[in-house]
Structure formats: structure tokens, C-alpha cells
Amino acid sequence: VWFAKGQCPATSWRQVVFFCFALMLLQVDTTNPFVGEAAEEELTLMGEHAAEASSAFHPPRATRSRRWPCRKMMVVSCLMVGLVIASLEIAVTPRNGSTARTRSPSAMSWIQAMTIHLIKCTSCQPARDACNVPKGQSAIIVGEKHCQQVEVRGTLTVSSHSKLHTPLLRVHEGGVLHVGTERHAAVDVELDLMNEGHLISDGKVFVYGEAKTSWTTLSEECDHCKTISVKACDGWRIGDQIVVVGTGDGQNNQVQANEAYKTDERKIESLSSHGGTCRITLDHPAGQKHRSELYKGKVPINSEVLNMDRSVSITGTGGIRTRQQHSGVMKMHYASLSKCGALELGEYCLHFHHMGNCPGCSFKGNVVTKSVNKAITVHGTSQALVEGNVLYDHKGAFLYVEDGNEVGNVIAHNALVCSRKAPHCSLHNGIAEHKASDLLEQAGMYVVSASNDFIGNHISGMENAFFQDFQQSSKVWGNHHAAGRICPQANPWGKVSDNYFHNNQGFGFYAPHSSYPTRVKRDSNGHVSDWNSCHGFDPHTGEDNSQGYQVTNHVELFHNFGAGGYDGGETSFKNAVFAFALAGNYYKTFRRGKRSGPFCEDCHIVDTLHPIAPGGSCMWEYKNTVFDNILYGLHVNHHCGNDGEWTGGLCASHVWFSGSSEWRGDFKLLNDGFPKAHDYTDTVVHLSGSTFFSTHGSHPVFRTSDCTRHEYHGNHKKGHFTECRTDKIRIVRIYSADRGDITVTNKDEGYSLTIPYTPWRKHQHWGRPNAYDLGTEYQNGGMGYTFLVKAGQSYEIHVQPTHALSDLFTLEYSDLQMPVDSIQLEVKGDPLLAGSCTVQNKHDRDWITPYGPYLPASGAWWQCRRWQVQYTVVQHRAAQYGHVAAHR
């Protein structure tokens, strides 16, 4: 070819000499100095070429593996490949304006890389049997192979157009399994693990099917159509099975949409691509209306389309599982797994098991379907990648982050889809230890460790889309190897953005359920390095140790509860959309620490019945947020006034509509607490310059004759609110033992009001959301006194001494995130507390939770008067150390 083209340049001759020298090296018995994953993958590529040469003489699906002596195999394959590359280099190299030709860097790099791997192979030996590959030996499976079991301590390659049947494929430490390479994917490969078979590895596993668009969304609406338009379809082929995910057959009502939720399973009859949009003809029309629209210009409604075909399949007759454990690495890319998972602990479809830090580990572009237990599990593994996978029609938790010491994993752009509405994907006969994740609160993602990135995932058809919890508290102090080494209830969050949840029966983003994130310090294994960092407050100073986090660009559609939680805090949504829900937001008790932003900023809450704001004691802020078509208005004080259970606390939160927040349509309020909260609550709502509070339950210590009474929702007092045209009304909360009635006097207006003790009674030992902080008798669950004042005015409180917890008088004025202001306050009656001070809303909140303080040396009044207390910081710190030590 060179001579036919003309002149043969010296540079090309040097390449020929270099290549021939490499072939000579094959005769030298030398030790391979080249190691590494990349080198092994390149060697596999050359092995594939040899296998393809072998298949020319042996038909596909031959009943034996082809084994050539390594040197002979490499000489033949590399002679063929090298000559082709060298010839193509000369043939396609452009001229430089003369008869000389420029060298092709890519071709040169190929030849040099090949030489390196030829040197590497001078020490390799062929294995006698591909079913048992000893250390230092290699085997290639071509065609069909049956093994009672496969033991890999050397290198095993399964070439394209091959099928391996075995109930056990075991890759030992130091062993390597190759199925394709990243640049040369495997085609038409099946690993048949038969009945309840395993692929278990302590070594290295590289499985590369053909890359393709794993899933996408519609670009146009399809109303029972036969041809759909999707946003991407790279690698899709005629005959591929696809799934078009429903959003409720065009319904906007949550109940009706979820009742109609289902998927359409179809095959591709034809396809074409024009201008970035793919047109796909289905084998028969869709069975429902699939939406692709931006409702009201703000709510994206987009049906997903999943591609279920892969060029590598791992299957069996049932109960198969794969696991990478303890060491090595696994890259499982663009494979399909079906009939996988077993009803046993640890037996999952795709499983990273106690891998520690494994940045090279990845599950990417896979399909898992017709499976049970867990589709993907990340267990005791950090820094791994789980991206672009399709998990479809699984029973149990779809994706599980298991122990709590998993840190820095990226879980991104996965589609988790149940084929029918909940509870279709619940697992009724699963593992007893996992009953919460698989049945009681079945979830698309069930996450024990929040310290990972959750980005761009789509989840539909579950009981709950995303649930952070601890298997009914069994993992609060860690589990397995992490037991006593972690504090997952306090784990700070990673990045949470661009997730899209729809048609889930209960919650969407279900967090915090029972957790307060703090600034936890950990080692490289995810284990706690400083237990003080797990506490809600610094044990020496009492400073707030909370760690806020933000959920950005988030969408939830057609949910009952929506985003919510029971006990916890620090969540902040930005640019989120909640639409077509019963509640949309559902919280019981919420704490907003000093590092947390507004609950919802730049959000849109659309076509929802009644968002539910929490009880407790916090500043619940909607900033630049639009409420559009909210049928029954905003519900406040959820779960307040309950005897026994702590959720709801003092029922005294500021709900603040700040910035450009807007309520479109009739504004309504409802007191959503228990009956005792209808008669005792000082929650206030600030909207458009007005402040709203309960007409029958609040305690305003100012005159309200110029305020307006509203009777929302008929004659029931839970819908009766008073509106005052001022934004200066603030809450005073006092955690205290029962001192009888107290009297508060407004000195500026000459007005007094008697305030009774909170009417509910809390159990002393209710479970707290942060188990790492030792409970004390001062944390009483939310009992004491609350009343309303106006910023800038002067007040006098008359209190009686008490013999029970006489040193407990923890007073909070307003909230840290409210506008800066103050009141003048004087306390009389109890000599221990008597005095006067100016109290600003920026006073510190050391030791104070929504359920009361851990210590009596807390609150604005103690900071002013500093009386002698019976339980000190030093005593509490010593008790904390003992509490933690008992669980380690």
C-alpha cells in the first residue's frame, strides 16, 4: 500500500522497525514490568481480536473454549492488527503540501501501546480449562461454555457472541474478569447464573456492554399514539423493548392520576432521528395519554421512556445475584440483569459490599428488572458511581444505601419505576430486618447515609420516592462493620439536585424523618473521628452544631404527602415545584438552625389541596414562592397539642412569606393540630404586611380591636383566625415547669393577659431524633408558656416560684432569621428570675431544641440574669461522654 501510494517516508520505516522489534520480544522470556487496569483492558482488547480470529475456524456457540498458546495467539493477532493499522495510517494520512506524509499520532500511540502489551504477555500462560483459571494464567471463552463453577484467579475473558452457564462465577482476589472493554464493548454475551447462582468478586470485574441512551423523556405529548418523540435515542435499535411511563392518563387530580398510573411496555417497530429529536414507531399504540408539557409555564410534566435491551445480559431461572466485596473493583456498564435478588440478607442484584473507598467502582447504564429484595445496594462503600441505570418492576426497596458509613457516592440520573401504582412494588415476604424499607415504607431509594450526592434521578410508582431512615431505628448507631462507629442520624447531606418524583403514593422527598444533620467529622472509612461533632450542640460551649442543606431544582407531582418528615430539620428547597398533591408538604416538627436557609425559596406550589406546615418551634419561611390554586389553604400546627408524643412541641412557629412571595386566589388558614392545640397555639403567619393568628387559641398581649376576624372553613374554631395589619408581631416561648398561670403586661398599651400552662402533657422518655445527645429532664417535649408581643414594646412577666425544676426558665424571643428587633422585658415574682433586660431576636439558641433545652443555662433570660443552676455544662458533658461510650 505504501509503495502504491508513492514515497515511503523514514518516519514510517521507523514505525515498522519499532513494531518488528516488538514481535522479536515475544521470543524473550522476561518478566512483565507493566501493570494496571488500563493495561489489562488493552490486553483484553487484543485477546478479543484473537478470539474473533478463532471464531472464523470454529462456529459461534461452539461447545468448548478456544485456547491458543499465548505467544502464538499474540503473534498472529498482533501481526494482523498491526499491519492493518500501519497500512491504514499511511493510507489516510493527509499530505503536507509535499510528497512527504505526516505521522498519525493516534496510529503511533496504538502501535506503542500494543508493543507494551506484547511485552506484558511474554510471561502469560494459557489455562487448561476456562472453568478454573489459576493465578498467572488466562483463558478466553468463545461460543458456549458450561461449568459446574468458575474459579478465576488469573484472567478470564468472555468474548462477544458467547454464553457462559454456571451457578457460581467466582473472581478471587488478584483475579480479573473481562467482558468487553470501554472502547470495544461486548456484543451478544450472556452470563447464565442458572438457579440462584452468584457472581462474586474480590478481584476485578470489567463488564462493558454497548453504551446507549439508557432512558429519556418524551419531547411531545402522546395520546394513545403509535409514534412517539423522545429527546435522545443513541444506540436504540428496531426490536428494542421500551417502557413508556405514565403520569396518570392526563388527570390532574392526585387520587385519579394515581389510580390511573401504569406503564406501557412496547417494542420499537421503526425509528428515525431529525434535529436532535427521535421519532419512534411502536409495535402497537400506547394505552393511555402520556404528557410532555410545561403546565402553567412552571410545572414540567414529562413521561419517561426506558430502553430495556442491553448487549450483555446476566440472567438465570431465578434468585441470581452479583456482589463485589472487600477488595478489587467492579465496573458493570450497560448490562441487563433479570430474575435477580434472593429473600436473604445481603443477596441483591447489584451489590457493592464493604468496599471502603472505591472511586473506580461503578454501576452505569444497567437494567435491573423482574427482581426482588434490592436492585442496587451500596453497602460500606464510598466514592462509587451509580449512574444512568434503569430499575424497573422490582419488589422491595429499589436502591439501598445500607449502613450509614457510605460517603461521597454519586447516585445520578437513574430511573426507578414501578409498573403499577403502590403497593404493587412492595415486598411482602422479604427480610424481617428490612421490613421498613421493603414493605411498611417501601421506597425507590432507601438511604441510611445522607452523605452522598443524589442528582437527576426519576422515581415513580412507589410508596415513597426517597426515604432517609434507619430500618426502624436498628441502624441509628451503625450496623455490621460500622456498628458503634457512626452517627447516621447526624450525617450531613451531600448534593441533592434535579430529582423528579411523580405518582408515588405517600412521600416524595421523605426527609428528615428522624434526623438533625450536624457537622460530623469522619475518617476515610466514613467512621466518626470526633464524637462531639455528632451532637446537636458543642459540648463545651453549647453552640448550635447543625448543618443545613439545600435541595435544588426539585420536582414532585401527584403525591399524597409530598416532601415531608416527622422529627428533624435543616432542609431547604430552592427552585422546587410541588403540584397536583393532597398536601405537597407535610411536616410535624421542624428545626431551622442558624446555618439553614428558607424552607422554600423560588418555589412553585400549584394545584394542591392544602400544604401542611409544622408545629414545633421554628421560623418556617417561604421566600419568593408562589402558591397557585390551593383549594383549602395553608394548614399550620400539624400534629400539635398531642398528649404523650413529642411531635408538635410548643405549637409556636413563625410562618413567614418573604421577598416576592405570592398567594394567588383566596387565602385561607386552618389550625391542623389536635383539639388541645385549637385552644392553645401561638403560631403566627406573616403575609403581605399582615399577621394572622388563631382567634381562639392565641395569647396576644396587645389590643386587637383594630384587627379583622376571619372564619375560614365554616364555624369550627380551628378555621378562625385574626388578621392584624402589621408585621411586627412576634412569639415569646418559655420552656418551664408548671408555675401555674403567669401574667404578662404590655406596659406601652396598659394591657394585661393571663397565660395558662400548656394543656398537653408529654412523656418524659419519648424517642428523640438525635440519639447521640443524651436526654435530660429539662428537655420536656414542649411544655411551658407561649404568647404574642409586638416588637419594640415593653412587657412585664409575673411568675411564681416552683419546686420542680426551679432553675428551668428558657425563654426565646422571635427567631434568628426574623428581621432584627427587640423588646424590653422585666420578670417579677420569682426572686431567682427577677430582673429586667432588653431582649433581641439575635440572642443565641445554645442547647435549645424544639422539645426544650438540654440544660437550664439556656435562652435569652438566662443570658441576661445567669442564675445558679442545678445541672451544669460540665455535668452534662461528662454524662454525654458516658452515653456515647455505652453505644460504641
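The values are calculated or read from the model by the stated rules, or taken from the named source; none is laboratory data. Source: prediction; values computed, not measured. Positions of Cβ are backbone-derived with ideal geometry, glycine not excepted, and every protein chain shown enters the neighbour counts. Each accessible area value is taken on the protein alone, full model and side chains, heavy atoms only, with ligands, DNA and RNA left out. Shrake-Rupley method; radii C 1.70, N 1.55, O 1.52, S 1.80 Å.
So, in region 168-208, how many residues would count as being surrounded by fewer than 22 Cβ atoms within 10 Å (Cβ to Cβ) and free of Cβ contacts under 8 Å to residues at least 40 places away in the same chain? Residues flagged as surrounded by fewer than 22 Cβ atoms within 10 Å (Cβ to Cβ) and free of Cβ contacts under 8 Å to residues at least 40 places away in the same chain within region 168-208 amount to 4. Pairs are defined by a Cβ separation below 9 Å, a sequence spacing of at least 6 or placement on different chains, a first member in region 441-454 that is within 13 Å of Thr377 (Cα to Cα), and a second member that is among the charged types (D, E, K, R) and not in a loop (DSSP other than H, G, I, E, B); the pairs so defined are Tyr446/Asp438. Given the structure, is Lys747 under 27 Å from Ser806 (Cβ atoms), open to solvent by 60 Å² or more (accessible area, probe 1.4 Å) and in contact (Cβ under 8 Å) with a residue 40 or more places away in the chain? Yes: the conditions hold for Lys747. Does at least one position in region 118-140 carry a residue that is modelled with pLDDT of 95 or more, assigned to a loop (DSSP other than H, G, I, E, B), in contact with an Asp or Glu (Cβ under 8 Å, 6 or more places away or on another chain) and open to solvent by less than 40 Å² (accessible area, probe 1.4 Å)? Yes: one or more hits.
Under the condition of being outside any strand (DSSP E or B) and aliphatic (A, V, I, L, M), which residue from region 272-324 is farthest from the chain's Cα centre (by Cα)? Break it down into steps so the answer makes sense when it comes.
Applying the first criterion (outside any strand (DSSP E or B)) to region 272-324 yields 275-276, 283-288, 291, 296-298, 303, 308-311, 316-317, 319.
Next, from what is left, pick out any that are aliphatic (A, V, I, L, M): 286, 308.
Details: Ala286: 31, Met308: 23 Å.
So, considering only residues that are outside any strand (DSSP E or B) and aliphatic (A, V, I, L, M), the one farthest from the chain's Cα centre (by Cα) is Ala286.
Selection within region 568-590: residues that are farther than 14 Å from Gly508 by Cα and part of a loop (DSSP other than H, G, I, E, B). The member of this set that is most open to solvent (accessible area, probe 1.4 Å) is Asn575.
Within region 686-711, how many residues are open to solvent by 30 Å² or more (accessible area, probe 1.4 Å), over 17 Å from Met619 (Cα atoms) and part of a loop (DSSP other than H, G, I, E, B)?
Narrowing region 686-711 to residues open to solvent by 30 Å² or more (accessible area, probe 1.4 Å): 688-689, 695-696, 703, 705-706, 708-711.
Going one step further and asking which of them are over 17 Å from Met619 (Cα atoms), we end up with 695-696, 703, 705-706, 708-711.
The next check asks that each one be part of a loop (DSSP other than H, G, I, E, B); those that pass are 695-696, 703, 705-706.
Count: 5.
Cβ-Cβ contacts under 6 Å between residues 6 or more apart (or on different chains), taken from a first residue in region 290-316 that is acidic (Asp, Glu) to a second residue that is open to solvent by less than 10 Å² (accessible area, probe 1.4 Å), are listed as Glu293/Ile301; Glu304/Val245; Glu304/Ala415. Restricting attention to region 257-287 and to residues that are without any contact (Cβ under 8 Å) to a residue 40 or more places away in the chain and hydrophobic (A, V, I, L, M, F, W, C), the residue that is most open to solvent (accessible area, probe 1.4 Å) turns out to be Leu271. For the condition open to solvent by 20 Å² or more (accessible area, probe 1.4 Å), assigned to a loop (DSSP other than H, G, I, E, B) and in contact (Cβ under 8 Å) with a residue 12 or more places away in the chain, Trp760 does not qualify.
If you go through region 322-347 and keep only what is closer than 19 Å to His172 by Cα, touching a Lys or Arg at 6+ places or on another chain (Cβ under 8 Å) and surrounded by 24 or more Cβ atoms within 10 Å (Cβ to Cβ), you end up with Met330, Met332.
Taking first residues from region 381-401 that are assigned to a loop (DSSP other than H, G, I, E, B) and partners that are of a type in the set (A, V, I, L, M) and surrounded by 24 or more Cβ atoms within 10 Å (Cβ to Cβ), the Cβ contacts under 6 Å between residues at least 6 apart in sequence or on separate chains come to His394/Ala375; Ala397/Ala443; Phe398/Ala375; Phe398/Leu391; Phe398/Leu416.
Of all residues in region 555-567, those that are crowded, with 24+ Cβ neighbours inside 10 Å and within 27 Å of Gly536 (Cβ to Cβ) total 5.
The single condition among (1) in a loop (DSSP other than H, G, I, E, B); (2) modelled with pLDDT of 95 or more; (3) of a type in the set (D, E, K, R) that Glu344 does not meet is (2).
Screening Glu406 on (1) among the acidic types (Asp, Glu); (2) part of a loop (DSSP other than H, G, I, E, B); (3) farther than 25 Å from Gly356 by Cα shows it passes everything except condition (3).
Considering region 360-402, the residues that are within 14 Å of the chain's Cα centre (by Cα) and among the charged types (D, E, K, R) include one that is surrounded by the fewest Cβ atoms within 10 Å (Cβ to Cβ), namely Glu387. Checking each residue in region 214-223 for being open to solvent by less than 20 Å² (accessible area, probe 1.4 Å) and part of a loop (DSSP other than H, G, I, E, B) picks out only Ser214. Against the condition over 29 Å from Gln472 (Cα atoms), surrounded by fewer than 24 Cβ atoms within 10 Å (Cβ to Cβ) and either within 21 Å of the chain's Cα centre (by Cα) or modelled with pLDDT under 95 (or both), how does Glu645 come out, does it pass? Criteria not met by Glu645. With respect to the numbered conditions (1) over 25 Å from Gly792 (Cβ atoms); (2) outside any loop (DSSP other than H, G, I, E, B), which one is the sole condition not fulfilled by Gln863? Single failed check for Gln863: (1).
For region 802-823: of the residues being hydroxyl-bearing (Ser, Thr, Tyr) and open to solvent by 10 Å² or more (accessible area, probe 1.4 Å), which is farthest from Thr745 (Cα to Cα)?
Ser806
To keep it simple, each residue is scored yes or no on (1) under 28 Å from Lys842 (Cβ atoms); (2) of a type in the set (Phe, Trp, Tyr); (3) touching a Phe, Trp or Tyr at 6+ places or on another chain (Cβ under 7 Å).
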position	(1), (2), (3)
Thr726	yes, no, no
Ile742	yes, no, yes
Lys747	yes, no, yes
Trp766	no, yes, yes
Glu777	no, no, no
Phe787	yes, yes, no
Lys790	yes, no, yes
Ser794	yes, no, no
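Here Gly781 meets the list (1) surrounded by fewer than 22 Cβ atoms within 10 Å (Cβ to Cβ); (2) in a loop (DSSP other than H, G, I, E, B) almost entirely, failing just condition (1).
Kindly establish whether Ser313 is open to solvent by 10 Å² or more (accessible area, probe 1.4 Å) and among the hydroxyl-bearing types (Ser, Thr, Tyr). Spelling it out, Ser313 is indeed open to solvent by 10 Å² or more (accessible area, probe 1.4 Å) and among the hydroxyl-bearing types (Ser, Thr, Tyr). Does any residue in region 868-882 that is open to solvent by 90 Å² or more (accessible area, probe 1.4 Å) come within less than 6 Å, Cβ to Cβ, of a residue that is of a type in the set (D, E, K, R) six or more places away or on a different chain, and which pairs are these? Pairs found: Gln870/Asp807. Considering region 606-633, and only residues there that are of a type outside the set (Ser, Thr, Tyr) and touching a Pro at 6+ places or on another chain (Cβ under 6 Å), the residue that is most open to solvent (accessible area, probe 1.4 Å) turns out to be Lys623.
For (1) of a type in the set (A, V, I, L, M); (2) more than 21 Å from Asn553 (Cβ to Cβ); (3) touching a Lys or Arg at 6+ places or on another chain (Cβ under 6 Å), each residue gets a yes or a no:
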site	(1), (2), (3)
Pro598	no, no, yes
Pro611	no, no, no
Gly615	no, yes, no
Glu662	no, no, no
Thr683	no, yes, no
Ser688	no, yes, no
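Among the numbered conditions (1) part of a strand (DSSP E or B); (2) of a type in the set (Phe, Trp, Tyr); (3) farther than 30 Å from Asn491 by Cβ, the only one that Tyr735 does not meet is (3).
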